[in-house]
Amino acid sequence: LNAVVATNIRPLARLRERRNGYHIAVVKEAMNLLGLPGGAVRSPLLPVAAEDREELRRILATIGLLGHDA
């Protein structure tokens, strides 16, 4: 179980801790990438930066939630 957490959950947790408000913004963006109604964050929070969005996409693909070509 610890290996599963280290491989699958920690990268997502680290991304959520990267900037203030990302604990919400990353989850909402992940929902959007998965085709679920995540929507946009409201002020004063900022949306996920483009480079972080691509990292999130890679994380979701790695854990099998999103196709690698998405």
For VAL48, indicate whether it is within 13 Å of the chain's Cα centre (by Cα) and either open to solvent by 40 Å² or more (accessible area, probe 1.4 Å) or not acidic (Asp, Glu) (or both). yes
Restricting to the range 8-21, count the residues that are touching a residue at least 40 places away in the same chain (Cβ under 8 Å) and open to solvent by 80 Å² or more (accessible area, probe 1.4 Å). 0
ILE24 being more than 16 Å from GLY64 (Cβ to Cβ), open to solvent by 40 Å² or more (accessible area, probe 1.4 Å) and β-branched (Val, Ile, Thr): yes
Residues satisfying the stated conditions in the range 54-63, i.e. among the β-branched types (Val, Ile, Thr) and part of a helix (DSSP H, G or I): ILE59, THR62
Among the residues of the range 16-53, write down those that are under 24 Å from VAL4 (Cβ atoms) and either of a type in the set (Asp, Glu) or part of a loop (DSSP other than H, G, I, E, B) (or both). GLU17, ARG18, GLU29, LEU34, LEU36, ASP52
Flagged pairs (Cβ under 8 angstrom, 6 or more apart or on separate chains; first in the range 32-43, under 18 Å from LEU60 (Cα atoms) and touching a residue at least 24 places away in the same chain (Cβ under 8 Å); second in a loop (DSSP other than H, G, I, E, B) and open to solvent by 70 Å² or more (accessible area, probe 1.4 Å)) are LEU34/LEU65
Given (1) of a type outside the set (Val, Ile, Thr); (2) part of a helix (DSSP H, G or I); (3) surrounded by 15 or more Cβ atoms within 10 Å (Cβ to Cβ), LEU66 misses just (2)
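The values are calculated or read from the model by the stated rules, or taken from the named source; none is laboratory data. What you are looking at is a predicted structure, and each value in this text was computed from that prediction instead of being measured. No Cβ is skipped: glycine too gets one built from the backbone with ideal geometry, and neighbour counts run over all protein chains shown. For accessibility, only protein heavy atoms count, side chains too; no ligands or nucleic acids. Shrake-Rupley method; radii C 1.70, N 1.55, O 1.52, S 1.80 Å.
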